[in-house]
Structure formats: C-alpha cells, structure tokens
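Note sheet for the following structure.
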Amino acid sequence: MNITMNKQQVLAETDAALSGLTNELSAISDSRINEIPFEGSWTAGQVAQHMIMCNSGFANMMHGPVTDTERPVDKLIPRLKADFLNMDVKFKSAPFLTPEDKKYEKDELIATLNNIRSNILESIEATDLSKTITAFELPVYGKLTRLEAANFVIVHTQRHTQQLKNIHNSLIK
C-alpha cells in the first residue's frame with residue numbers, strides 16, 4: 001500500500017465521517033437532544049459526548065511515541081470495518097468512555113466536535129501513517145498503526161452517525 005497516495009483518501013474519508021456525525025447531530029432539534037428516544041438508548045447528546053470522549057485524545061496519540069511497523073500497515077482495517085460497521089452487533093462502551101447522564105448543549109457539542117475534527121485532520125496530514133502507535137492499545141485489537149487508528153476513527157464515527165440517525169428517526173415519529 002502506498003501510504004502517501006492513500007493519505008488524501010484517508011483525510012477525505014475521515015473528514016466525511018466526522019462531518020457526517022456533526023451534520024446528523026445538527027439535524028436534531030435542541031429541545032430533543034437530551035431526550036431518550038427508546039428504551040436502552042443513549043440520548044443524542046450522550047452519543048455526541050461519547051464521540052468527544054473517544055476522539056479527543058486522538059491527535060495526541062497520533063503525535064505520541066511510535067515504532068516501525070513489522071506487519072502490513074493496513075492489516076487490521078478489514079477487521080475494524082467488519083466489526084464496527086456491522087450494526088447487528090451491539091457493543092458496550094467502556095466505563096471511562098460512557099457519557100454522563102446529564103443535559104447537553106447542542107451548540108457546545110458541535111463546537112467541540114468541529115475542533116476535534118480539525119485536530120484529527122491536522123494529525124493525519126502531519127504524521128507518517130505507516131508507524132505503529134506504542135502508547136495505546138485498542139482493546140481486542142492491540143497496537144494500531146496510525147493508518148489503522150485513522151480508520152478506527154472513520155468506522156467508529158460512521159457507526160455512531162448511524163446510531164444518531166436511528167435516534168433522530170425515533171424522535172420525529
């Protein structure tokens with residue numbers, strides 16, 4: 001895989017995923033952002049907060065310690081896509097990534113998500129995506145290359161964008 005050629009594609013896909021999440025959140029009315037749409041669901045505000053919690057440290061992780069990669073740099077991407085884009089499988093969020101049950105302000109969530117989006121795109125642009133991140137291991141998957149980490153952000157964001165769409169559709173019924 002040619003990483004430099006692929007970097008533009010990764011940037012475009014990351015931007016589309018993160019923008020899609022913000023757009024979906026924007027479509028939900030302020031008055032319904034903290035409403036539980038159906039039993040067992042988070043509110044739209046909680047979904048947005050979960051994404052903030054998950055993605056806020058991404059830029060630091062991308063700029064953190066790395067090592068040369070001794071396997072295909074994109075090896076885990078098919079598995080990440082298969083797991084996270086399978087909407088029939090439900091995941092339980094790690095306790096440290098579970099959003100607080102409180103009232104969220106939509107404009108504040110959107111501003112934070114847009115700031116994180118900018119930081120993530122800058123990090124992808126500025127780093128060698130073929131390196132393996134050593135400061136963090138994704139549970140179940142282990143150490144990711146920067147390319148795989150960017151793809152995790154993409155598929156995880158796409159998953160939660162779909163969740164927001166389901167919440168939105170339930171709220172407008």
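Just a few scattered comments:
- The stretch 46-66 and the stretch 119-172 have Cα centres separated by 8 Å.
- Exposed loop sites are taken as GluC sites (Glu not before Pro) in a DSSP loop (any state but H, G, I, E or B) with at most 15 other beta carbon atoms within 10 Å; the longest stretch of the chain without one runs 106-173.
- A cut-off of 5 Å between modelled amide H atoms, ignoring neighbours fewer than 5 places along the same chain, links Leu144 with Ile133, Leu138.
- Bridgeable lysines around Lys103 (alpha carbons under 21 Å apart, same-chain partners fewer than 8 residues away excluded): Lys165.
- Sites Asn34 and Arg71, calculated FRET efficiency, Cβ-Cβ separation with R0 30 Å, nearest 0.05: 0.10
- Computed from phi, the 3J(HN,Hα) profile of the stretch 138-151 under the Karplus parametrisation 6.51, -1.76, 1.60 (θ = phi - 60°) reads 6, x, 6, 9, x, 6, 10, 6, 4, 4, 5, 4, 4, 5 Hz, with x in place of Gly and Pro.
- The fraction of all Cα pairs in the chain landing in successive 5 Å bins from 0 to the largest distance is 1, 8, 18, 21, 20, 14, 9, 5, 2, 0, 0, given as whole percents.
- Across the chain, the relative contact order, built from alpha-carbon pairs under 8 Å that are at least six residues apart, equals 42 percent.
- Here Lys75 is the anchor, and the lysines within straight C-alpha reach of less than 19 Å, apart from those fewer than 8 places off in the same chain, are Lys7, Lys131, Lys143.
- Shown in residue order for the stretch 19-36 are the 3J(HN,Hα) couplings computed by the Karplus curve 6.51 cos²θ - 1.76 cosθ + 1.60 at θ = phi - 60°: 5, x, 4, 5, 4, 5, 5, 4, 6, 8, 5, 3, 6, 10, 4, 10, 8, 6 Hz (x for Gly and Pro).
- Here Phe136 and Lys173 are evaluated by their C-beta separation; at R0 = 35 Å the FRET efficiency comes out at 0.30.
- Measuring nothing but protein heavy atoms, the accessible surface of the chain at 1.4 Å probe radius is 51 percent carbon and sulfur.
The values are calculated or read from the model by the stated rules, or taken from the named source; none is laboratory data. Not measured: the values here are computed from a predicted model. Methodologically, a virtual Cβ is constructed for each residue, glycine included, from the backbone with ideal geometry; neighbour enumeration extends over all protein chains shown. Surface areas here come from the heavy atoms of the whole protein model, side chains and all, with no ligands, DNA or RNA. Shrake-Rupley method; radii C 1.70, N 1.55, O 1.52, S 1.80 Å.
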